[in-house]
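The values are calculated or read from the model by the stated rules, or taken from the named source; none is laboratory data. All values derive from a computational prediction rather than experimental measurement. Positions of Cβ are backbone-derived with ideal geometry, glycine not excepted, and every protein chain shown enters the neighbour counts. Heads up: the accessible areas ignore ligands, DNA and RNA and are worked out on the full protein's heavy atoms, side chains in. Shrake-Rupley method; radii C 1.70, N 1.55, O 1.52, S 1.80 Å.
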Amino acid sequence: MTQGPGIHVFEITAAESFAEGQDFGAGPYQRLAGIARGALNPADPRNAGIADLDIAPRNAAGLVEYAVEVVILRPADTARANGRLLYDVTNRGRKMLFAAVYEGHGVPPAEQNGLRSAAAAGNAIPLRQGTTLIWSGWDPEAPRANEGLRIELPLLEGITGKVRDEFIFGTRITPADRPTAPLSYKVADPDPAKAKLTIRRTRDAAPQTITAWEYAGPRAIRLLPEGTTFTPGSIYDFIYPATGARPLGMAYAATRDLIAFLRHAGAGNPLEDLRRRHAYAIGISQAGRFLRHFLDLGMNDAGEGRRVFDGVLCHIAGAGRVFINDRFGQPDRTACRHEDHLFPEVWFPMAAAPATDPISGRRDGLLRGAPTDPKLMEVNTSTEYWQKGASLIHTTPDGRADLPALPNARQYFVAGTKHGGRSGATTARGNAFHLNNPHSASPLLRALQAAMEEWVEQGVEPPPSQVPRLADGTLLPAEVALAAFPAIPGTRRPRCATPIAPVTDWVVGERGPEDAWRPLVPAVDEDGNELGGVRLPDLAVPRGTHTGWNLYAAEGLEAELCDREGSFLPFAVDEAARQAADDPRPSLAARYPTPASYAAAVRAACDRLTAARLLLPEDAAGFVAVAEAGLPA
């Protein structure tokens, strides 16, 4: 029997009791693993934006097949399910939700991603409430480590082309002394004369050709003589003839069809017996960019006028999308000042609201007023403003005006936080010059997910957008913000924010004009802490200056922004220490004369945030308890 497009079959490969049957509040949970097999119709207008779908191999029905790896946590007792489906978009195969949002960071990565223990679920808020959680693979080459999830997509037979890979050892490739550089695709012709390897220390340096190299198998190279190591921190580019392309953009349609199946299908659906009233998506970092791209491609249309997701929350995606819907795409790339800046990540439109592109003259937005548009929240940290053009999601591309608000979209800025800021972060420097920024965005994400659910299910408006604005002077050119930053002894400042521009040829490594799109950054107060966004208790009652930027410590990279790291510049303990250091910022003793005054300030900040629905009461209680235990060192 010929089967049509969509999910054909859901094969359950494993079913087990989650966390040994622990009741988190809505009864025990069941953990299901499976394979969802389906197919796409290249003639379906909803699939028109998928690159190379028209040349992909087809089955007897003229459809292009795929298979998606899926993991589900669902209430075992159908009567205790709350009707919510929450899809956590995987990031390089990893489940992000509990570690990044719900305090499940205190277990090893294998336990986090395997997700079988109560500890991996952190504070387990979704499980307390009876929410069904879903994860699936969308990258056919996502890492398999710790049970990473993948999608199976067809190869484009006979297709070859030039590919450029970038290698930066010690940051994006670890360990720093790894002897080989991995290739994104299989080499199509091993003749070294048809490939080129270059090195440069920084993005602005002239590349120097390296001739002493060889292939180390079909998907790696090494330097010669054998045993020569790559220089940590330097940028290597390798252009070579490749094969093995797939229509990677199918991942968006496969996700659309999977969630539509789980939400609406009956027979063969492992959730058939549950109430399924609303579906939500959350994506963190690369996964947030996946969701922005998903919306841009119109993939929230489940057919028959139905939405895939009612609510979408993108965290730390900046203005970006994923380099996936291109022939020989490389979805693991993430652009910063020093890394991956010649791969596509930001292109027009950047904002949910309509705007006009000064380069093309085109007017567009990610949300186009379709009945299938979801409610959208976008959350960014300081790093996304400095490195990933986050201001462009709420200003015109030229950075001259704030965009008007859409009724179904909100934007939030987590002040004083780095890209990966979450519970459990430390001040360990890593590759950076300054102490790292330990501030966590997780409490805000918990509050916003709760607000999203009330918005969708009850029509309760969420907190208004809180981002820096041109209109009130809290959004500025980087050079203006840096000029206002306090002169803290021993501190290095960045030269600029990372320029944002379209990539016109990612193989050659060419960008369009860097003066057309104008990213801006948050203004700062007299301590150097940021204005214009949500100040969680550790920023509202600070013990130091928190930034979303840091600089590399390595020789030759001292002026380069350090990947997606932040800085923590602690205040002096008392006035004597402040004067000895010539620090212009008041000391901790001057700010908080007694432990009680510090605790009172934290309590007041928590009261303001909970009243604004930007902090859950249980998180507020946690902050107050820590403050009452004494001023942290």
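Residue by residue, here is whether (1) touching a residue at least 60 places away in the same chain (Cβ under 8 Å); (2) of a type in the set (A, V, I, L, M) holds:
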{"position": "A193", "(1), (2)": "no, yes"}
{"position": "D204", "(1), (2)": "no, no"}
{"position": "W213", "(1), (2)": "no, no"}
{"position": "A216", "(1), (2)": "no, yes"}
{"position": "E226", "(1), (2)": "no, no"}
{"position": "F230", "(1), (2)": "yes, no"}
{"position": "G233", "(1), (2)": "yes, no"}
{"position": "D237", "(1), (2)": "yes, no"}
{"position": "R246", "(1), (2)": "yes, no"}
Query raised in the report: Just one of G158, G170, G130, G122 is at positive phi and without any contact (Cβ under 8 Å) to a residue 24 or more places away in the chain; which is it?
Result: G158
Query raised in the report: Has segment 99-111 got any residue that is open to solvent by less than 10 Å² (accessible area, probe 1.4 Å), part of a strand (DSSP E or B) and in contact with a helix residue (DSSP H, G or I) (Cβ under 8 Å, 6 or more places away or on another chain)?
Result: no
Requested in this report: Check D332, D326, D340 and return the single one that is part of a loop (DSSP other than H, G, I, E, B), at positive phi and modelled with pLDDT of 95 or more.
Outcome: D340
Query raised in the report: Of the residues L475, L531, L520, which single one is farther than 24 Å from D340 by Cβ, touching a helix residue (DSSP H, G or I) at 6+ places or on another chain (Cβ under 7 Å) and either touching a residue at least 60 places away in the same chain (Cβ under 8 Å) or among the acidic types (D, E) (or both)?
Result: L475
Query - Odd one out for E214, checked against (1) in a loop (DSSP other than H, G, I, E, B); (2) under 25 Å from E339 (Cα atoms); (3) open to solvent by 10 Å² or more (accessible area, probe 1.4 Å) - result: (1)
**Report entry** Which listed residue is open to solvent by less than 40 Å² (accessible area, probe 1.4 Å), modelled with pLDDT of 95 or more, part of a strand (DSSP E or B) and more than 30 Å from A119 (Cα to Cα), from G34, G62, G38
**Finding:** G38
Requested in this report: Could you grab me the full set of residues in segment 336-352 that are in contact with a Leu (Cβ under 8 Å, 6 or more places away or on another chain) and open to solvent by 10 Å² or more (accessible area, probe 1.4 Å)?
Outcome: R337, V346
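This table checks each residue for (1) farther than 24 Å from A245 by Cα; (2) at pLDDT below 95; (3) aromatic (F, W, Y); (4) open to solvent by 20 Å² or more (accessible area, probe 1.4 Å).
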| site | (1), (2), (3), (4) |
| --- | --- |
| A120 | yes, no, no, no |
| N123 | yes, no, no, yes |
| P126 | yes, no, no, no |
| W135 | yes, no, yes, no |
| W138 | no, no, yes, no |
| A142 | no, no, no, no |
| R150 | no, no, no, yes |
| L156 | no, no, no, no |
**Report entry** Identity of the residue in segment 586-610, among the hydroxyl-bearing types (S, T, Y) and part of a helix (DSSP H, G or I), that ends up nearest to A451 (Cα to Cα)
**Finding:** T610
Query raised in the report: Looking at P499, P494, P489, which is the one that is in a loop (DSSP other than H, G, I, E, B) and either open to solvent by 60 Å² or more (accessible area, probe 1.4 Å) or among the polar types (S, T, N, Q) (or both)?
Result: P489
Query - Test result for P542, assigned to a loop (DSSP other than H, G, I, E, B) and open to solvent by 50 Å² or more (accessible area, probe 1.4 Å) - result: no
Requested in this report: Return only the number of the condition from (1) under 25 Å from the mean Cα position of the chain (by Cα); (2) open to solvent by 20 Å² or more (accessible area, probe 1.4 Å) that P513 does not satisfy.
Outcome: (1)
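Residue-by-condition table, conditions (1) of a type in the set (F, W, Y); (2) without any contact (Cβ under 8 Å) to a residue 60 or more places away in the chain; (3) under 30 Å from S440 (Cα atoms):
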{"position": "I12", "(1), (2), (3)": "no, no, no"}
{"position": "I35", "(1), (2), (3)": "no, yes, no"}
{"position": "A67", "(1), (2), (3)": "no, no, no"}
{"position": "Y87", "(1), (2), (3)": "yes, no, yes"}
Query raised in the report: Quick one: how many residues across segment 1-31 are assigned to a loop (DSSP other than H, G, I, E, B) and buried (at least 19 other Cβ atoms within 10 Å of the Cβ)?
Result: 3
Query raised in the report: Does at least one position in segment 516-539 carry a residue that is small (G, A, S), under 24 Å from the mean Cα position of the chain (by Cα) and on the phi > 0 side of the Ramachandran plot?
Result: yes
Requested in this report: Exactly one condition in (1) open to solvent by 50 Å² or more (accessible area, probe 1.4 Å); (2) under 21 Å from the mean Cα position of the chain (by Cα) is not met by D563; state its number.
Outcome: (1)
Requested in this report: Scan segment 370-417 residue by residue and report those that are open to solvent by 10 Å² or more (accessible area, probe 1.4 Å), aliphatic (A, V, I, L, M) and either over 18 Å from T474 (Cα atoms) or without any contact (Cβ under 8 Å) to a residue 12 or more places away in the chain (or both).
Outcome: A370, L406
Query - Residue check for R429: more than 22 Å from the chain's Cα centre (by Cα) and charged (D, E, K, R) - result: no
